[in-house]
There are 4 protein chains.
Amino acid sequence: MQRLGIGLIGSGFMGRSHAIAFRAVAGIFGLETVPVLELLADINRPTAERAAKALGFARATDDWQALIADPAVGLVDITTPNTLHKPMALAAIAAGKPVYCEKPLAATAADAQEMADAAKAAGVQTFVGFNYLKNPMLALAREVILNGEIGDLVSFRGIHAEDYMTDPLNPWTWRLDPAGGHGAVADIGSHILSVARFLMGDIVEVSGQIVTVVPKRPAGPGSHELRDVLVDDQARALIRFANGATGSIEASWVAAGRKMTLAFEVTGTKGTIAFDQERMNEIQIYFTGQRRGREGFKTILSGPDHPNYRDFCPAPGHHLGFNDMKTIEVKAIIDALAGGPAFMPDFQEAARIQAAVDAIVLSARERHWVTV
Amino acid sequence: MQRLGIGLIGSGFMGRSHAIAFRAVAGIFGLETVPVLELLADINRPTAERAAKALGFARATDDWQALIADPAVGLVDITTPNTLHKPMALAAIAAGKPVYCEKPLAATAADAQEMADAAKAAGVQTFVGFNYLKNPMLALAREVILNGEIGDLVSFRGIHAEDYMTDPLNPWTWRLDPAGGHGAVADIGSHILSVARFLMGDIVEVSGQIVTVVPKRPAGPGSHELRDVLVDDQARALIRFANGATGSIEASWVAAGRKMTLAFEVTGTKGTIAFDQERMNEIQIYFTGQRRGREGFKTILSGPDHPNYRDFCPAPGHHLGFNDMKTIEVKAIIDALAGGPAFMPDFQEAARIQAAVDAIVLSARERHWVTV
Amino acid sequence: MQRLGIGLIGSGFMGRSHAIAFRAVAGIFGLETVPVLELLADINRPTAERAAKALGFARATDDWQALIADPAVGLVDITTPNTLHKPMALAAIAAGKPVYCEKPLAATAADAQEMADAAKAAGVQTFVGFNYLKNPMLALAREVILNGEIGDLVSFRGIHAEDYMTDPLNPWTWRLDPAGGHGAVADIGSHILSVARFLMGDIVEVSGQIVTVVPKRPAGPGSHELRDVLVDDQARALIRFANGATGSIEASWVAAGRKMTLAFEVTGTKGTIAFDQERMNEIQIYFTGQRRGREGFKTILSGPDHPNYRDFCPAPGHHLGFNDMKTIEVKAIIDALAGGPAFMPDFQEAARIQAAVDAIVLSARERHWVTV
Amino acid sequence: MQRLGIGLIGSGFMGRSHAIAFRAVAGIFGLETVPVLELLADINRPTAERAAKALGFARATDDWQALIADPAVGLVDITTPNTLHKPMALAAIAAGKPVYCEKPLAATAADAQEMADAAKAAGVQTFVGFNYLKNPMLALAREVILNGEIGDLVSFRGIHAEDYMTDPLNPWTWRLDPAGGHGAVADIGSHILSVARFLMGDIVEVSGQIVTVVPKRPAGPGSHELRDVLVDDQARALIRFANGATGSIEASWVAAGRKMTLAFEVTGTKGTIAFDQERMNEIQIYFTGQRRGREGFKTILSGPDHPNYRDFCPAPGHHLGFNDMKTIEVKAIIDALAGGPAFMPDFQEAARIQAAVDAIVLSARERHWVTV
């Protein structure tokens, strides 16, 4: 049995989700390598101490550089606000340690590429947390596509819609800080772009549109001071893929009523696949050539015949949850570190996703198509 | 009781649907004006005779000009292939007779505008058959929007997807004739654009994308000769509306498995409305401000509290069908002819829809945003 | 072209629905026999006159016996409250005229059987309006079953749930009059029993449960006087079918929120069919033996490959509505009168349905299983 | 920090699920008491050793009595075939140790009651694994009911349908051993009965129906020898509840295509709640009194405003999975052991559930209603 010392930087939504996954993964998958929650860094000592206790880390620190240098830390795990991803990841790479970083990887595609290049030069493995890709239903969709079961790809429609910024009184947060990159197009648009690339391959060019719906927000919770919003609340893009298919993506964090719509429809010459993360344990597939009068989309429920499901449950239709996708992600990281299949998406893939984000924003500003 | 003599040109899918509606309308709505199926014109005498008998018309002709001139014909109803709409409509207008024409109105926006201008100059009423707009659920959506129930409009996503051209062996038809206008973007894209305008108002500018997926098709049924397809199979556009909202539309007739997806999602600052014609008797609405832990989209079934439903059925959830929407359309035409509320969409509105179609195609070719 | 003179007794919800269907049917189906709305009878002269005008009947009367005797009346159509079905139908039979009667056929199975026997003795054709059976999706379900596509039948679950009596202030109506028969179990339970028999065949025995949920209701609209409710608001039964399958049915008119749930699930040894009238244009079917990891229920949309759909519309997914089912029913009646296939359900079938209703009530009272 | 030593007997589907939950629970909920996987017992030494390693237990044994006696074991967790529940639980109770046992608790209600009585006499806490009750959506349903949000309860319809025994070639297993109790009615019927009691309260009487659909099965995997099936494959019952409401339940393990349908509909005088475990993260609720023309069922997605969700994820619509429900169950056990709220369902509640199972079977055999 091997031990993998985890050094987690940041302890918010994603930090907690990573910790849950690292604690669960060895039991679920019967791994030889067991992750150990060694060290947690957060912005100040008391916060870090509290989080370490709550999440089960052995030690805490307010010094992320010390965390990277710590000999017990074998994997540097970054879940901080976006602006901090780059210096932390570069430091970890410089220390020769594999890095697991939340999306979006960086504020700009250039930064993301610099990070990817550094990792490549240093021979360091990298992992980016586009967790929705790890859903067995998405693995099934990809398998169906790669098998040619729906023929040649023709069309992709992708939507990521949530409503956590619908209320104009929701205050300004670090997600609105332009120093950290774009708005909804980066924060959640990157998810649907990651799906687009996962299923359809390279994006060649885009025509984008970005919109700030709520121009000012309270400077903080309960604040009467208003602060300008300089990033987008919603974004859309037309897309041309390298394989000749076309499509569109859309991202919005002001989509009233939509809680976790990460939806897509892929059409091929012989069928169509439709999915919505709000019903993450099912997928709709239509195959041409069905008997007349019996044609229809199938609703397939997740089950043990789909990738990674059986480790959670031997019976179909019993459901995986959000944290289970993260557990699958972490399992794939540990496999990769143990010499198994390369993990995707890595920094290079995340840089390509970020390049699409940047191209959408540029296109929107210049009002014409832009090559990615 | 008044009689309105109907002169129908064309007897295909839409011609038959019009005939069914004209026969049903007076009974359903208890109208004072009763449409009478006077005269049917089709391409040759035997076809016209057969169709007249099947559809219940008193007389038949192979001369559409004679039909327009016929004194018993009070309403000229055009359901021919698109290329013929213009000369027929202009002739009817010249004869001072009201015209009911199927969509798309013309091959180009210029033609459509010329037709609208002619009607206006002649003081002739015009009616265009965008039947899906007459669904009580769409009337409800518009009412919810106009009431401000979902706040200020933010976003529109519209999709019209069918699969009747998915099979590459489906032969060339008049719908593929560039002389009749564009492809899917005009044929069904015009439907979703009509919905966009109905719910959101004027379209200011678009960025479009058009694609021919199947480049050659058999020249006719069973033919081994292949003929080039010069129009689009699928189209998409980003949209900016005059009210400041943004959105997108998509049209495809190669969407494997989609039989009658005319779907939209309208988001406002205080709620969201979602609809799909494949479930035409229900609509989903989310209102912000619901009690915590009880927030959700409502599924509203069509019923007698919605416009025009009660005339068909006094009980909710019992369902209207496709032909019922056409009956509502025809009822609104008869009301307008009797001095009631003006009918929409008329030729002028159809010209605006066509202008959006043309702008999408132009934008796709020039690869930048185009003002409508 | 033949003419079939229609004599309609009653002009409420169903009377109007019949009139709409008779007006539409010849045009939709291109029939040689055209129904003519000859004579309408209602409770008093002014009501009958108004209804005749509104529904398009040539003449009106307050004397239903005169209607039956009228030489222009070729089909006697009974849509009155249930208590009147028997004397009217027997009179029509005595006059040798075919009878079309709304469900439930009679207050008791004995009465219904007497009516069926009288018709048989007189050689008169009879037709009962269980309109939901005429939905192409139900015809498809039956075809799938008869083909053996889901193997041997194992189970049936049927539900008819509406909420029109949920509000305890909804006043007493003729539907609550015990002289007209039982309550929900007869009014709507008969529908789901008709479906059970249509799909599964004869019912051998039942164990029933009936419940009056609202014990008193206002004597009339706005009345402060309360009147006892002596019939059931909801009913359930366990069922054993002659083919060895088992199942259950349930009927409720106090099912808050359910507008037109006529739902069933039929399970066989090789598959399952599920349907809900609230989505009357689709049906779910599962077949065993699908490829592993691709198993799922198909959602089949109604279309021209399903019985009777194409006459309404050549394109799939476009939807039939409630009145269209009634039009199909009326078409089958006219076919039967013209020597075509026998119409089902006739009085004999309706008597068997009523026998099941009565058995459920008896079983509920005696608290043990009862043979039908 | 306290330690709770877990002694697990059995290592199949449920044993593994318990182990996953015990490993996860302290991290998810930040518990003061940490379960420690001390000892695993299975039928023979090698099996036990393998399972202990795979599930993360410190030690293994083939002697369940030794496990109960082991001083490091603070909670005896029984996940063996049903026939073994009773002797094991009684031994644990005799040893004064709290017992966590999978459902159904025993082969008969008498056995279950004996176990409950023994636990009560010994003052030992007991816990039964009806995991679906721990879904936040069911907690929400109960809260809505207890708040009176849907008025007085009128009706309950419960279904548990799976298809794991549909194939007649699926071999005989311990689930079919009559010594372990009844068939589907006990194995999964107990689940839906647990839901019925959770939401509706005590069951007063039932009329039941039980059916063996597949009369013989291969004696073992691949065996050509056929063995009689002496337990039911499907069961149904009509129900009267102590609160005056009525309803039905149904259980089937031969429901082709149904993977994990644990569905219910609860109707009250002011609303209705509908749920299906195949979409375990959503629930449908209808409230009477909505604005006219805006009435509809709401689809509520699980989120942090619902019980126990926030500990897994701070964002709504992100989904819990099957194992998460088990983690909530285990959390409630640990809370109860720490002096928190009493855990339900305990042995006494499980005995009442089993009494309903037995009453259904007795009623089915005697063909009349039976008091529970």
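Structure notes:
- Each principal axis of the stretch A:53-160 carries a Cα extent, and these read 52, 34, 25 Å when sorted largest first.
- Normalising the Debye intensity of the stretch C:1-73 to I(0), with uniform scatterers on Cα atoms only, and taking log10 at q = 0.21, 0.27 Å⁻¹ returns -0.82, -1.20.
- Residue-normalised accessible area of the protein assembly as shown, given per residue in Å² at a 1.4 Å probe: 33
- For a paramagnetic label modelled on C:R365 (point 7 Å from Cα along Cα→Cβ), amide N atoms under 13 Å away belong, within the stretch C:213-251, to C:231-232.
- The GNM of chain B, with springs linking C-alpha atoms under 10 angstrom apart, assigns the highest mean-square fluctuation among B:P104, B:P71, B:P215 to B:P71.
- For C:E32, the solvent-accessible surface computed with a 1.4 Å probe is close to 110 Å², ligands and nucleic acids excluded.
- Where the Cα pairs of the stretch C:162-288 fall when distances are cut into 5 Å bins, in %: 2, 10, 18, 20, 17, 13, 9, 6, 3, 1, 1, 0
- Shown for D:A58: label points 7 Å from Cα along the beta-carbon vector, and their distances to the equivalent points in the other copies, 1.8, 9.7, 9.9 nm in ascending order.
- Residues B:W64, A:W369, D:W253, sorted by accessible area with the largest first, give B:W64, A:W369, D:W253 [1.4 Å probe; ligands and nucleic acids excluded].
- Normalised contact order of the stretch D:2-132, rounded percent, pairs of Cα under 8 Å and 6 or more residues apart: 23
- Over the protein assembly as shown, dividing the summed -39,500 (n - 2.57) contributions of all DSSP H runs of at least 4 residues by the number of residues returns a 222 nm mean residue ellipticity of -10000 deg cm²/dmol.
- Normalised by 2.2 N^0.38 Å, with N the number of residues, the alpha-carbon radius of gyration of chain C equals 0.99.
- In the B-D interface, the accessible area buried, summed over both sides, Å² (probe 1.4 Å): 1500
- In sequence order, the stretch A:193-209 has phi-based couplings of 5, 5, 5, 4, 5, 4, 8, 10, x, 5, 9, 8, 8, 9, 10, x, 8 Hz under the Karplus curve 6.51 cos²θ - 1.76 cosθ + 1.60, θ = phi - 60°, and Gly or Pro positions carry x.
- The protein assembly as shown, accessible surface, carbon-and-sulfur percent (1.4 angstrom probe): 53
- GNM flexibility winner over chain C from C:P221, C:P35, C:P171 (Cα, springs under 10 Å): C:P221
- Sequence-distant lysines (8 or more away, or on other chains) whose Cα lies within less than 20 Å of D:K216: C:K270
- Here the label points at D:A179 and C:R3, each 7 Å from Cα along the C-beta direction, are separated by 8.3 nm in the simple model.
- Pseudo-label separations to other copies for D:G340 - Cα-to-Cβ vector, 7 Å, nm: 3.3, 6.4, 6.7
- The figure for C:H318 is an accessible area of roughly 10 square angstrom, using a 1.4 Å probe on the protein chains alone.
- By the Cα gyration tensor, the stretch A:226-287 has an equivalent ellipsoid whose semi-axes, rounded to whole angstrom, run 28, 18, 6 from largest to smallest.
- Kirkwood radius for the protein assembly as shown, taken over all pairs of different Cα atoms as the inverse mean of 1/r, rounds to 34.5 Å.
- Label-point distances for D:R365 to the equivalent site in the other copies, using a point 7 angstrom along Cα→C-beta, read 3.1, 8.1, 8.3 nm when ranked shortest first.
- Largest mean-square fluctuation among D:S223, D:S207, D:S155, in a Gaussian network model of chain D whose springs join Cα atoms under 10 Å apart, belongs to D:S223.
- Shape of the stretch C:231-372 from the C-alpha gyration tensor: oblate (a/c of 1.5 or more and a/b not above b/c, with a ≥ b ≥ c the square roots of its eigenvalues).
- Compactness index (Cα Rg / 2.2 N^0.38 Å), the stretch D:1-129: 0.99
- Relative frequency of Cα-Cα separations exceeding 23 Å in the stretch A:124-236, percent: 44
- Estimated distance in nm for a label pair at C:Q65 and B:V34, the labels positioned 7 Å out from Cα along Cα-to-Cβ: 3.2
- Between the stretch B:1-74 and the stretch B:157-194, the alpha-carbon center distance in angstrom: 27
- With contacts taken as Cα pairs under 8 Å at a separation of at least 6 residues, chain C carries a relative contact order of 19 percent.
- Chain-alone versus full-assembly comparison, the stretch C:143-162, residues with accessible loss of at least 20 Å² (1.4 Å probe): C:E149, C:V154, C:S155, C:R157, C:I159
- Axis between D and A by rotation; chain D residue with nearest Cβ and distance in whole Å recorded as D:G321, 2.
The values are calculated or read from the model by the stated rules, or taken from the named source; none is laboratory data. These numbers were taken from a predicted model, which means no experiment stands behind them. No Cβ is skipped: glycine too gets one built from the backbone with ideal geometry, and neighbour counts run over all protein chains shown. Areas reflect the complete protein model, heavy atoms only, side chains present, ligands, DNA and RNA absent. Shrake-Rupley method; radii C 1.70, N 1.55, O 1.52, S 1.80 Å.
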